[in-house]
Amino acid sequence: MNINKAIRKQQKSYKRFMLIMCFVFFIIPAILIYTKKLSLFYIVYAGIIQFLIIISMLVKKHNEHIKFKIIENYRLYIELGLFKKKINILCDNIEIVHAESFKRKSDGKEDFKIIMITSSKFKSEYVVPVNSKLFKLHPFIAHRYKKRKMLYPEKSYFFTVIKKGKLYKYVLLDMIYRRCVNAEFTYEAIDRIKEYRESL
């Protein structure tokens, strides 16, 4: 798969979806007025449809919104979802990076999540201490964490999981690989990076 071409297709698909939903949202009341069907039944029915349109647009934005950048050459900043969940991590403190496949609940399609283990939280509420949830849901990276913990028992470790953004996560993963030079990348993460670079 050509990742760059697929990313452009994702961008166009998102814009097209939003434009169509906006058009339908505004055309519904216009049709009611034009046809003079202004009874309570039609107004309520149109209102329900408009409400569902708004929900679908919000869900779409929530699933696809992702922004990321390196700040001042040392800090990774990521913004996710409708509510702009913010993640700040010092690049030098990213210890392990893993890519794990999953199926999206929204459409059932294959996707992948990025899981990072760090040695610093750096004022980010979405970077949490390593806990039983990591061991239960992500056993592979949990195994890598245990090996790292044996080597450096004095360190405290944290983790975060990035699921949103769809194909944009390829670009994020490549940026982390280029800028976070001390991090250990799993084979799965390396494979995703290779897949992205082959399409450049």
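Values quoted throughout were computed directly from the atomic coordinates according to the rules given, and no laboratory measurement underlies them. Worth saying up front: this structure is predicted, and the values here are computed from it rather than measured. Don't worry about glycine lacking a Cβ; one is built from the backbone with ideal geometry, like all the others, and counts go over all protein chains shown.
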Self-check item: Gaussian network model of the chain, springs between alpha carbon atoms under 10 Å - residue of V161, V24, V59 with greatest fluctuation
Solution: V24
Quiz item: Mind checking the angle between helix 139-151 and the chain's longest principal axis? C-alpha axes, 0 to 90 degrees, to the nearest 10.
Solution: 30
Practice problem: Could you work out which residue, out of Y74, Y42, Y187, moves most in a Gaussian network model of the chain, that is, has the largest mean-square fluctuation with Cα springs under 10 Å? | Solution: Y42
Practice problem: Under 1.5 on a/c is rounded, so check that first for the stretch 66-197, then, if it is not, pick prolate when a/b is larger than b/c and oblate when it is not; a ≥ b ≥ c are the square roots of the alpha carbon gyration tensor eigenvalues. | Solution: rounded
Quiz item: Here are some pairs, K85/K149; K69/K103; K105/K166; which of them have Cα atoms lying more than 22 Å apart in this structure?
Solution: K85/K149; K69/K103
Quiz item: Using Cα atoms only, what is the angle between the long axis of helix 168-179 and the major principal axis of the chain, expressed in degrees (0 to 90) to the nearest 10?
Solution: 30
Practice problem: Compare the peptides 63-73, 8-18 by average per-residue count of other Cβ atoms within 10 angstrom and give them in order, highest first. | Solution: 63-73, 8-18
Quiz item: If r is the Cβ-Cβ distance from M150 to F122 and R0 is 25 Å, what FRET efficiency results, to the nearest 0.05?
Solution: 0.55
Practice problem: Rounded to the nearest 10 degrees, what's the angle between the helix 187-197 long axis and the longest principal axis of the chain, both from Cα atoms, 0 to 90? | Solution: 60
Quiz prompt | Per DSSP, loop trypsin sites (Lys or Arg not before Pro) in the stretch 127-193 with at most 14 further Cβ within 10 Å | solution = K155
Quiz prompt | Sites K194 and I71 - FRET efficiency at Förster radius 35 Å, r taken between beta-carbons, to 0.05 | solution = 0.85
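Can you tell me how much longer the chain between L19 and K103 gets when fully stretched, taken as 0.36 nm per residue apart minus their C-alpha distance, in nm with one decimal?
27.6 nm
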